[in-house]
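Have a look at the structure below, then the notes.
The values are calculated or read from the model by the stated rules, or taken from the named source; none is laboratory data. What you see is a predicted model; the values in this text were computed from it and never measured. With ideal geometry, Cβ positions are generated from the backbone for all residues, glycine too; neighbour counts draw on all protein chains shown.
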Amino acid sequence: MGETTPASTLRLTRTIVLVGMMGAGKTAIGRALSARLGVPFEDSDAEIEVASKLSISEIFDRYGEPFFREKESQVIARLLDGPPCILSTGGGAWLSPHNRAFIAERAAVVWLRADLATLWNRVKHKDTRPLLRTPNPRATLENLLIARTPAYEQAEFTVQTRPEWSIDQTTNAVLQDLAKANVVETLA
């Protein structure tokens, strides 16, 4: 699957859900997959913000993480009941065993795996990450990565992101893995 494969020659057979840490590239790769496959891009965090009229940070501050996780599960379930799409989830969505089972039953799950240095480089200047509002955000990120990796490893597909790769190169790697499993088909 080359970078020049037009979207009209590819067909998505089921929803693709992107999981991984904050900064792994779920939104960027999700948008690129959406454009290449000609299907909608959905972002569970953005949907939660629209529905609640609050930012993720405000939800965490006002109602706490358990409330946010409950709303996140509801939004993901609603989006998975719709037509095939590319769905980017928040970094913690895949941690819930209930969410993992529900998502895996209805979608192809791709873990965008990134190393700590790459993640930190991508998130260190952003103040929109409520879980990183700690005295040592890099150590917090490292601890989150260590704690979450066993859950992420349960994804059906894993694509190692590389800091030197462009969005197109990473998107191609995802599409190649999905094509091997007939999640993405090339039309004649």
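Of the residues 91, 23, which is touching a residue at least 60 places away in the same chain (Cβ under 8 Å), at positive phi, in a loop (DSSP other than H, G, I, E, B) and of a type outside the set (Val, Ile, Thr)?
On the way: 91 fails: at positive phi.
Unique residue meeting the criteria: 23.
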Exercise. Restricting to the range 126-152, what's the tally of residues that are under 18 Å from the mean Cα position of the chain (by Cα), surrounded by fewer than 15 Cβ atoms within 10 Å (Cβ to Cβ) and either assigned to a helix (DSSP H, G or I) or hydrophobic (A, V, I, L, M, F, W, C) (or both)?
Worked result: 4
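Restricting to the range 11-25, name every residue that is surrounded by fewer than 19 Cβ atoms within 10 Å (Cβ to Cβ) and within 22 Å of residue 118 (Cβ to Cβ).
Taking the range 11-25 first, the residues surrounded by fewer than 19 Cβ atoms within 10 Å (Cβ to Cβ) are 11, 13-14.
Passing the criteria: none in range.
Just to be sure before I move on: is residue 28 crowded, with 22+ Cβ neighbours inside 10 Å and under 12 Å from the mean Cα position of the chain (by Cα) in the structure I sent? Quick ask: steps written out before the conclusion?
Values: crowded, with 22+ Cβ neighbours inside 10 Å: no; under 12 Å from the mean Cα position of the chain (by Cα): yes.
Judged against the criteria, residue 28 is not a match.
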Exercise. Given the conditions (1) assigned to a helix (DSSP H, G or I); (2) modelled with pLDDT of 90 or more; (3) of a type in the set (A, V, I, L, M, F, W, C), which single one is not true for residue 155?
Worked result: (1)
Exercise. So which residues in the range 48-75 are touching a residue at least 40 places away in the same chain (Cβ under 8 Å) and either polar (S, T, N, Q) or in contact with a strand residue (DSSP E or B) (Cβ under 9 Å, 6 or more places away or on another chain) (or both), if there are any at all?
Worked result: 55, 57
Exercise. In the range 163-187, which residues are over 16 Å from residue 113 (Cα atoms), polar (S, T, N, Q) and part of a loop (DSSP other than H, G, I, E, B)?
Worked result: 182
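For (1) among the hydroxyl-bearing types (Ser, Thr, Tyr); (2) over 19 Å from residue 107 (Cα atoms), each residue gets a yes or a no:
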position: 17; (1), (2): no, no
position: 32; (1), (2): no, no
position: 37; (1), (2): no, no
position: 43; (1), (2): no, no
position: 49; (1), (2): no, yes
position: 67; (1), (2): no, yes
position: 76; (1), (2): no, no
position: 88; (1), (2): yes, no
